[in-house]
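The values are calculated or read from the model by the stated rules, or taken from the named source; none is laboratory data. Bear in mind that the values here come from a model prediction, so they are computed numbers and not experimental data. Cβ coordinates were reconstructed from backbone atoms using ideal geometry, including for glycine residues, and neighbour counts include every protein chain displayed.
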Amino acid sequence: SQKIEQNSEALNIQEGKTATLTCNYTNYSPAYLQWYRQDPGRGPVFLLLIRENEKEKRKERLKVTFDTTLKQSLFHITASQPADSATYLCAPLNQAGTALIFGKGTTLSVSS
Amino acid sequence: ETGVTQSPTHLIKTRGQQVTLRCSSQSGHNTVSWYQQALGQGPQFIFQYYREEENGRGNFPPRFSGLQFPNYSSELNVNALELDDSALYLCASSLPETSGRPTGELFFGEGSRLTVL
């Protein structure tokens, strides 16, 4: 069955450092991969989408990579800030653009 | 603010009862998806509606059903509630495809927290 694994449930870093979150998938060949941010008690908020033929995508302090050989996506937040503290979810999409399942998420805590 | 609103925000039901959750999509979004998010888990796809027709379904039993209305608002109905149905139910609307490629971005509401006792 399809499986999505995000490297760790919690990641604690110091303000100003780069946070790197990992998303691995098995038994799946997604055409796209998305990353979302979710704050406690709120719905997820879209951050970035990357296509299978793209190696890297950037948006302000965010960077996503997509390695279809390793079946892995990395999500980086540079110059992290306490306001970046949240749970980050990855969601591979099928060819129809549907996210059938999200990863459990990694909860990032940025301390000042 | 995503422009997607859900109601009710919280509700408590007992096992065997039925529940209807409602969602108002963002203007112009003709596709709506419903997700179930259990505590500590990522959202799981229940089904998707496009122009009032179901056009995709996840691994959920038939007692989970839905409707989409001409104004693109939507309902999720769950019959014969079980304890494991306790979760946050998320509605997400999305833009129509452009140039044959899905835009993919989901605009989520804040969810309806269902507790089944």
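Specify which of the listed residues (A:63, A:59) is out of contact with any Pro (no Cβ under 8 Å at 6 or more places or on another chain), within 15 Å of residue A:84 (Cα to Cα) and within 14 Å of another protein chain (Cβ to nearest Cβ).
After ruling out the rest, the residue left standing is A:59.
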Subject >> Inter-residue pairs, beta-carbon under 8 Å, first on the phi > 0 side of the Ramachandran plot and in region B:101-117, second polar (S, T, N, Q) and at pLDDT below 95, 6+ apart >> reply: B:104/A:34; B:104/B:94
Original post:
Across region A:76-92, what is the number of residues that are at the interface with chain B (Cβ under 10 Å from one of its Cβ atoms) and more than 17 Å from residue B:59 (Cβ to Cβ)?
Top reply: 3
Original post:
Which one is farthest from residue B:70 (Cα to Cα) among residues in region B:7-35 that are within 14 Å of chain A (Cβ to nearest Cβ) and surrounded by fewer than 21 Cβ atoms within 10 Å (Cβ to Cβ)?
Top reply: B:10
**OP:** Would you confirm whether any residue within region A:35-43 is of a type in the set (Ser, Thr, Tyr) and at pLDDT below 90?
**Re:** no
**OP:** Run down A:103, A:16 and say which single residue is over 21 Å from residue B:33 (Cβ atoms) and touching a residue at least 60 places away in the same chain (Cβ under 8 Å).
**Re:** A:16
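In region A:1-33, what residues are among the basic types (Lys, Arg) and closer than 23 Å to residue A:79 by Cβ? Break it down into steps so the answer makes sense when it comes.
Just the residues of region A:1-33 that are among the basic types (Lys, Arg), to begin with: A:3, A:17.
Passing the criteria: only A:17.
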Original post:
How many residues are facing another protein chain (nearest Cβ under 8 Å) and modelled with pLDDT of 90 or more when one looks only at region B:63-106?
Top reply: 2
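Report yes if residue A:25 is in a strand (DSSP E or B), farther than 18 Å from residue A:63 by Cβ and touching a residue at least 24 places away in the same chain (Cβ under 8 Å), otherwise no.
On the way: in a strand (DSSP E or B): yes; farther than 18 Å from residue A:63 by Cβ: yes; touching a residue at least 24 places away in the same chain (Cβ under 8 Å): yes.
Yes: the conditions hold for residue A:25.
Every residue, every condition in (1) at pLDDT 95 or above; (2) under 14 Å from residue A:47 (Cα atoms); (3) crowded, with 16+ Cβ neighbours inside 10 Å; (4) aromatic (Phe, Trp, Tyr), yes or no:
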site: A:76; (1), (2), (3), (4): yes, yes, yes, no
site: A:80; (1), (2), (3), (4): yes, no, yes, no
site: A:84; (1), (2), (3), (4): yes, yes, yes, no
site: A:87; (1), (2), (3), (4): yes, yes, yes, no
site: A:93; (1), (2), (3), (4): no, no, yes, no
site: A:96; (1), (2), (3), (4): no, no, no, no
site: A:101; (1), (2), (3), (4): no, no, yes, no
site: A:108; (1), (2), (3), (4): yes, no, yes, no
site: A:111; (1), (2), (3), (4): yes, no, no, no
**OP:** Would you confirm whether any residue within region B:15-30 is out of contact with any Ser or Thr (no Cβ under 7 Å at 6 or more places or on another chain), among the β-branched types (Val, Ile, Thr) and free of Cβ contacts under 8 Å to residues at least 60 places away in the same chain?
**Re:** yes
